[in-house]
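The values are calculated or read from the model by the stated rules, or taken from the named source; none is laboratory data. Owing to the predicted nature of the structure, the values given are computational and were not obtained by experimental measurement. Here the Cβ positions follow ideal geometry from the backbone for every residue, glycine too, while neighbour counts run over all protein chains shown.
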Amino acid sequence: MMGIKYNIATVVRRTVCCKAYGVRRTALMLFSPYAVHLFALPISAWKVKMHRNRFFKNYSFSLILLASIALGAGLGILFKEKIAIVKPLGDIFLNLLFTAVVPLVFFSISSAIAEMSDLHRLGKIMGWMVLIFIATGILSSLLMVLGVTLFPPVMADHPMLSLSAGVTQTKNFSDILKAFTVPDFVHLLSKQNMLALIVFAILVGLAASLAKEDGKPFVNFLVSANKVMMKVIHLIMFLAPVGLGAYFAYLVGTLGAELLGSYLRVVAVYYPLAILYFFIGFSIYVFLAGGREGFKRFWGNILTPALTAWGTGSSLATVPANLEAADKIGVPKDISRIVIPIGATIHMDGTCMSAILKIALLFSFFGMPFAGVGTIVTAIGIAILSGMVMSGIPGGGFLGELLIVTLYGFPVEALPLISMVGTLVDPPATMVNSTGDTVVSMLLARILRPSKASRVEK
């Protein structure tokens, strides 16, 4: 009898829900023991539809980009060299993007630092956190270096594009130091001096924060200018499908279908290595952080945030799920509440891996050997910089690629070549980026509270 009452009550509740969606059932079905399952069908279908709509909403722009690039590639194969007539459309998009990069980088970095109300509050946590971020970024980059060495992204035995005289594979120590400063303020306005611009933006943000109340109007200006530049980037990105499609039509028309084969190899390299790093690399990290019990707790709670990151394509959107997982794992809240939100913008192991892949791809396209200690060290440094500095900026993928192109001095046409890579590897890269934040919070809990490591282990 209790079972019948439960079924009737459940069916009545589901009937009310189903009526909201225009679902009709006869009164006789209320007393059927299968009624619950019958009414559950439209609800389940509705949930599937909601998840599908959310997926397309999050990846709609990426899908449009892929479609436009595929269309451009098809036109390039069809018309060959004649398709060069559409190249100016791609040039317009790239010129707009390069024009906006300097003010965007400056205002994004300076406003983020200026808004920190207490620079001393983070203290020891911030110091160790940055060190761990860099260490894991180096390890993930080295894994991708091994991958592109064993399985090169381009198999052509000759350069596919010509190289300008200003491009170098490595930079000596004095060149690296010079890249962080410029002799005159006006030089900061050039995209060729991105490192110096970043240093200056950090100094301006620190000064504005230290000025406290007197600096509030200037901080408000930086924040407002940052929001304006975000809108500028959004407006420019509306042209991305046309611009990139036109440029890919030109590249495929002049370089041939061999270009498309390189992207298939890129996917074949990145996806297995990213998944390997996710399961093997993170397992090693969490075992060091919390032992066997920490290992079990991590894998028992991390799959939901990981799948959320894969589905949404956003580390920031996964922060709530990561925080909940960290609480269940046993990470102290004073650590997880700092590491995970900050890590969502500056800790990007997956981005470091994709940056190495992009650099290796450009080296192959331009006939430069991706080998030697100096070349590898420079590539890892640029990969970490592009991941830590550019990831929190709207359009950060493009800006990270801009950083790679400008620091090496590659020609303008190098940008569309590697922008396709970012679109192809975005889902696994985001999953690795986001999950790594929870891993770092566990490692930090072990380092800062060794005597209380049982909080993660018990």
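Summary table
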read-out	value
Pairs, first of a type in the set (Phe, Trp, Tyr) in segment 291-307, second part of a helix (DSSP H, G or I), C-beta under 6 Å, six or more apart	PHE295/VAL286; PHE295/PHE287; PHE298/VAL286; PHE298/ILE329
Among the candidates GLY374, GLY343, residue that is in contact with an Asp or Glu (Cβ under 6 Å, 6 or more places away or on another chain) and either at pLDDT 85 or above or not in a loop (DSSP other than H, G, I, E, B) (or both)	GLY343
Out of ILE275, ILE233, sole residue that is of a type in the set (Val, Ile, Thr), in contact (Cβ under 8 Å) with a residue 12 or more places away in the chain and closer than 30 Å to ILE85 by Cα	ILE233
Close pairs from segment 356-380: first farther than 21 Å from VAL267 by Cβ, partner modelled with pLDDT of 85 or more and surrounded by fewer than 21 Cβ atoms within 10 Å (Cβ to Cβ), Cβ under 7 Å, at least 6 apart	ILE380/ILE138
Flag for LEU195 being within 26 Å of PRO369 (Cα to Cα) and at pLDDT 55 or above	yes
Residues of segment 192-224 satisfying the condition of being buried (at least 20 other Cβ atoms within 10 Å of the Cβ) and without any contact (Cβ under 8 Å) to a residue 60 or more places away in the chain	ASN193
Filter result (exposed (fewer than 15 other Cβ atoms within 10 Å of the Cβ) and under 16 Å from THR430 (Cα atoms)) within segment 275-303	ILE275, LEU276, PHE279, LEU303
First in segment 320-343 and closer than 17 Å to GLY291 by Cα, second anywhere and of a type in the set (Gly, Ala, Ser) and at pLDDT 80 or above, Cβ under 6 Å, 6 or more apart	ALA326/SER336; ALA326/SER441; VAL331/SER441; VAL331/ALA445; PRO332/ALA445
Which numbered condition GLY72 misses (of (1) more than 30 Å from LYS231 (Cβ to Cβ); (2) crowded, with 18+ Cβ neighbours inside 10 Å; (3) modelled with pLDDT of 80 or more)	(1)
Residue ranges of helices (runs of 4 or more DSSP H) in segment 236-318 with at least 1 members modelled with pLDDT of 90 or more	258-276, 282-301
